[in-house]
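What follows draws every value from the coordinates through simple rules; no lab data is involved. Only a predicted model underlies this, so the values are computations on that prediction, with no experimental measurement involved. Neighbour counts are summed over all protein chains in view; Cβ atoms, including those assigned to glycine, are modelled from backbone coordinates with ideal geometry.
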Amino acid sequence: MLDLYSTHFQVEAYALQAVPLATLPAQQAAAWQVYPVPAGEQLTIQPPAGGAARATLLDNLGRAVAAPVELAGGRPAQLLLSGLPAGLYLLRVETPQGSFTRRVQKQ
């Protein structure tokens, strides 16, 4: 028979520390255009002139669901969504100055 009153537990305290990542100021992130939203079979990412970055589409758990797209020279790039189910995704854009995330809905 198990005696619950004589069982001892040791509890230790741990602290988690949040480390902020470099993010782009809202004004710089607003210069990037992502369309159409909601998206169909493809998503267009338009960087500002001279902008270079890597864009990655993530699911709600933060897993990459499409190959990253390299962006440079202010030229738009298309991200193909044809193999993905409808739903909400996150577009993570990483630049030399920082990063930002946008929500994307696929129909």
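General observations
- Efficiency of FRET between Arg103 and Gln78 - r from beta-carbon atoms, R0 25 angstrom, step 0.05: 0.85
- Cα centroid separation, segment 43-73 to segment 78-92 (Å): 11
- Of the GluC sites (Glu not before Pro) in segment 33-107, not one is in a loop by DSSP (not H, G, I, E or B) with at most 11 other beta carbons within 10 Å.
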